[in-house]
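To start, the structure itself, in C-alpha cells.
Throughout, read-outs are computed from the coordinates displayed, never taken from laboratory work. On a predicted model such as this, the values are computed, not experimentally measured, just so you know. Quick reminder, even Gly has a Cβ in these numbers, built from the backbone with ideal geometry, and neighbours come from all protein chains shown.
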Amino acid sequence: MRSGTRFKIGLAHVAADDSEWTVEAVKQVAYQVIASADLFHPDNTQLLDGCAAAPLRPGERRLVLIDASVDRPHGERVRRWFTRHGVRGTFVPMRANEAVKDWESVEQVIDAMNTFGIDRRREPVIVIRGGVLLDIVGLAASLYRRGTPYIRIPTTLIGLVDAGVGVKTGVNYGNGKNRLGS
C-alpha cells in the first residue's frame with residue numbers, strides 16, 4: 001500500500017492519487033422485544049400483530065423451527081394456534097443441546113430455509129426454545145441470503161436473557177465455544 005495524503009469523503013478515505021481507498025461501514029441493528037404471557041393461547045394475537053416489521057396475516061406461511069423436547073408436549077397446541085389464525089406453518093423439530101450446537105446444525109437450518117423457499121423480506125423464520133436453538137437459527141438466518149429476519153420465542157430463562165434479546169449468535173467449532181458467529 002502506498003502512503004499519501006488522504007481526504008475524508010463521507011465514510012471513505014481516498015488517497016490523493018486515487019490508487020487506494022478505505023470504506024468504513026456500520027450496520028445498524030434494531031428489533032422489538034415483546035413480552036407475552038401464554039403466547040399460543042388460541043385468543044392471543046401478539047404473534048400476529050406484535051412485530052410491526054413483519055406482521056403475520058391469515059393466508060401467509062412461516063417456517064417454524066422448534067426444539068424436539070418442546071414439540072413433543074406442546075407442538076400440537078402451537079400447530080392449532082397457527083391453524084386457528086389461518087397461518088400455514090411448516091414445522092421442523094430439531095434436537096437442541098450443546099452437543100449439537102455446531103456447523104452441521106446450522107446447515108440443517110439453512111437446508112430447511114432453502115427447501116421452504118424463504119422470502120427473506122416477508123417471511124421471518126420463527127424459532128421456539130432455549131439459547132442453543134436460538135443461536136443455531138440466528139447464525140443460519142444471518143447467513144442465508146445475507147440476512148433473513150427471525151422471530152425468537154425463548155422458552156427458558158437463559159434463552160430469554162441471553163439469546164432471546166442478544167445481538168450475537170454463535171455455534172461451537174473445534175474445541176471452542178461459539179467460535180463461528182455473527
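Pulled fully out, how much extra length does the chain show between Ser182 and Glu20, if you take 0.36 nm times their separation in residues and subtract their Cα-Cα distance?
Working: separation 162, 0.36 × 162 = 58.32 nm, distance 2.83 nm.
Value of the extension gain: 55.5 nm.
Using Cα-Cα distances under 8 Å and only pairs 6 or more residues apart, what relative contact order does the chain have, in percent?
It comes to 16 percent, rounded to a whole number.
Report the full-extension gain for the segment Gln46 to His74: residue separation times 0.36 nm, less the Cα-Cα distance, to one decimal in nm. Working shown, then result.
Details: separation 28, 0.36 × 28 = 10.08 nm, distance 1.83 nm.
Working it through step by step, the gained length comes to 8.3 nm.
I'd like the distance between the alpha-carbon centres of region 33-49 and region 112-182, rounded to an integer number of Å.
20
Could you tell me what percent of the DSSP beta bridges with both partners in the chain are antiparallel, to the nearest 5?
On the way: 10 of 25 bridges.
Here the antiparallel bridges make up roughly 40 percent for the chain.
Describe numerically, in nm with one decimal, the distance between label points set 7 Å from Cα along Cα→Cβ at Ala37 and at Val167.
Inter-label distance under the simple model: 3.3 nm.
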